[in-house]
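Student: Quick one: this structure, given as structure tokens, is what I'll be asking you about.
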Amino acid sequence: MATIVTSRNKKVEFGEGLPTAVIGERINPTGKKKLAEDLSKGKFDVLVQEALSQKEAGADILDVNVAVSDVDETTILPKAVLKVLEVSGLPVCIDSSNPEALKKALEVYPYKALVNSVTGQEKSLKAVLPLVKKFGASVVGLTMDNSGIPKTADKRFAVAKRIIEVAESYGVPREDIVIDCLCLAQAAETNSGVVILETLIRVSRELGVATVLGVSNISFGMPDRKIINLSFLSQAISQGLNAAIVDPTIEGMVETILASDFLAGRDSYGKRYLKYYREKRKAKKD
């Protein structure tokens, strides 16, 4: 069973036994002053640069988030989604907590999108899942509910199970559901990494859905964050992670994913790894 997202020229499939999907995270104005200023003026120059740089770095899917003060998401998000689709040709992960903005973006996206996200909160489930069903999208389910993010793997698993049950009751098939086991900073929650991996393993094996993580949170508050992020990413892939929301332009990020897939038996004979290596070597010569 594979989760599928598409654009005009590209179909990305991820799930058990398949290569890890790279979801580029850089189109997000949080902490990016130039992008935030551009979006507030209704301009997309920086957004285009971010889309192209991530595609070149090896992203399979591009996350698009325009949530910032002074930006009307219902107007800007659909325009941003179409602009990213136009310049990159990659499938889009539509990222918003605003149901009306999600609706507007899904209305203009002519292919199968990934919606980021729904939570275990009743309000979120009722607002987002009908849109996912109506537009035939896939959806990321965050393992959090009205009580916040659970501290234990058992409780996160329970939230994931409920999200899947409710989604299926709305007619959303299991292959269109992707569970985010949620990264918390290891420096603040000393058992965070273990809880994430335990949840990921249970969700994959017992619920049979694809999984995703925004990996960089794990290293928050620590020096040399890149080393921690890449180490944890490799561990997560070895335990069945199917998609990673990352900055693909960071040196070693895509290489770590490809190498981890190879070692996890998700890249037969290292064909994808070797292809990437040859293309990278050719680009250096050129």
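The values are calculated or read from the model by the stated rules, or taken from the named source; none is laboratory data. Note that this is a predicted model, so its numbers are computed, not measured. All Cβ positions, even for glycine, are placed from backbone atoms using ideal geometry, and neighbour counts span all protein chains on display.
Student: Would you check if there is a residue in the range 149-171 being of a type outside the set (V, I, T), modelled with pLDDT of 95 or more and under 22 Å from S260 (Cβ atoms)?
Tutor: Let us first name the residues in the range 149-171 that are of a type outside the set (V, I, T), namely 150-151, 153-158, 160-162, 165, 167-171.
From what is left, the residues that are modelled with pLDDT of 95 or more are 150-151, 153-158, 160-162, 165, 167-171.
Cutting the leftovers down to under 22 Å from S260 (Cβ atoms) gives us 153.
Checking the range 149-171: at least one residue is of a type outside the set (V, I, T), modelled with pLDDT of 95 or more and under 22 Å from S260 (Cβ atoms).
Student: Also, quick follow-up: Within the range 214-230, how many residues turn out to be on the phi > 0 side of the Ramachandran plot and buried (at least 18 other Cβ atoms within 10 Å of the Cβ)? Spell out how you get there, then give the answer.
Tutor: We begin by selecting, within the range 214-230, every residue on the phi > 0 side of the Ramachandran plot; these are 221, 224.
With the extra rule that they be buried (at least 18 other Cβ atoms within 10 Å of the Cβ), the set shrinks to none.
Residues that pass the stated criteria total 0.
Student: Return the only residue of G221, G193 being in a loop (DSSP other than H, G, I, E, B) and modelled with pLDDT of 95 or more. I'd like the intermediate steps shown before the answer.
Tutor: Numbers: G193 fails: in a loop (DSSP other than H, G, I, E, B).
Step by step, each of G221, G193 is checked, and only G221 is in a loop (DSSP other than H, G, I, E, B) and modelled with pLDDT of 95 or more.
Student: Considering only residues that are in a loop (DSSP other than H, G, I, E, B) and among the polar types (S, T, N, Q), look in the range 236-267 and name the one that is nearest to the chain's Cα centre (by Cα).
Tutor: The initial filter retains those residues of the range 236-267 that are in a loop (DSSP other than H, G, I, E, B), namely 239-242, 247-252, 264-267.
Next, from what is left, pick out any that are among the polar types (S, T, N, Q): 239, 242, 249.
Numbers: Q239: 17, N242: 10, T249: 15 Å.
For the range 236-267, the residue satisfying everything is N242.
Student: Kindly provide the set of residues from the range 122-148 that are surrounded by 20 or more Cβ atoms within 10 Å (Cβ to Cβ) and within 21 Å of S7 (Cα to Cα), ordered by number.
Tutor: The answer is L131, V132, A137, S138, V139, V140.
Student: Kindly evaluate T199 against the criterion of being over 21 Å from P19 (Cβ atoms), touching a helix residue (DSSP H, G or I) at 6+ places or on another chain (Cβ under 9 Å) and at pLDDT 95 or above. Don't jump to the end; show me each part of the working.
Tutor: Details: over 21 Å from P19 (Cβ atoms): yes; touching a helix residue (DSSP H, G or I) at 6+ places or on another chain (Cβ under 9 Å): yes; at pLDDT 95 or above: yes.
Taking the combined requirement at face value, the residue satisfies it.
Student: Can you pull out every residue in the range 172-213 that is among the small types (G, A, S), surrounded by fewer than 18 Cβ atoms within 10 Å (Cβ to Cβ) and either free of Cβ contacts under 8 Å to residues at least 12 places away in the same chain or out of contact with any Gly (no Cβ under 6 Å at 6 or more places or on another chain) (or both)?
Tutor: If we filter the range 172-213 for residues that are among the small types (G, A, S), which is where we start, we get 185, 187-188, 192-193, 204, 208, 210.
Next, only the ones that are surrounded by fewer than 18 Cβ atoms within 10 Å (Cβ to Cβ) stay: 185, 187-188, 208.
Correct list: A188, G208.
Student: Using beta carbons and a limit of 8 Å, which pairs, at least six apart or on different chains, have the first residue in the range 70-86 and in a helix (DSSP H, G or I) and the second one of a type in the set (K, R)?
Tutor: That search, which allows pairs on different chains as well, returns T74/K104; T75/K104; L77/K104; P78/K104; L85/R8.
Student: Does the range 168-187 contain at least one residue that is of a type in the set (A, V, I, L, M) and part of a helix (DSSP H, G or I)? Before the answer, list the steps.
Tutor: Narrowing the range 168-187 to residues of a type in the set (A, V, I, L, M): 172, 177-179, 182, 184-185, 187.
Remaining after also requiring part of a helix (DSSP H, G or I): none.
Checked the range 168-187: no residue is of a type in the set (A, V, I, L, M) and part of a helix (DSSP H, G or I).
Student: Here is a list of conditions, (1) surrounded by fewer than 15 Cβ atoms within 10 Å (Cβ to Cβ); (2) touching a Cys at 6+ places or on another chain (Cβ under 7 Å), and D63 meets all of them except one; can you say which number that is?
Tutor: Of everything listed in (1) surrounded by fewer than 15 Cβ atoms within 10 Å (Cβ to Cβ); (2) touching a Cys at 6+ places or on another chain (Cβ under 7 Å), D63 misses just condition (1).
Student: Which residues, counting only those in the range 23-47, are among the basic types (K, R) and part of a loop (DSSP other than H, G, I, E, B)? Quick ask: steps written out before the conclusion?
Tutor: Filtering the range 23-47 for residues among the basic types (K, R) gives 26, 32-34, 41, 43.
Selection gives K32, K41, K43.
Student: I've got another one for you. Take T143 and decide whether it is at pLDDT 95 or above, under 17 Å from the mean Cα position of the chain (by Cα), within 18 Å of A67 (Cα to Cα) and of a type in the set (S, T, Y). Give the derivation first.
Tutor: On the way: at pLDDT 95 or above: yes; under 17 Å from the mean Cα position of the chain (by Cα): yes; within 18 Å of A67 (Cα to Cα): no; of a type in the set (S, T, Y): yes.
Spelling it out, it is not the case that T143 is at pLDDT 95 or above, under 17 Å from the mean Cα position of the chain (by Cα), within 18 Å of A67 (Cα to Cα) and of a type in the set (S, T, Y).
Student: Out of V166, V212, V159, report the one residue that is aliphatic (A, V, I, L, M) and under 20 Å from E13 (Cβ atoms).
Tutor: Numbers: V166 fails: under 20 Å from E13 (Cβ atoms); V159 fails: under 20 Å from E13 (Cβ atoms).
From the options V166, V212, V159, the qualifying one is V212.
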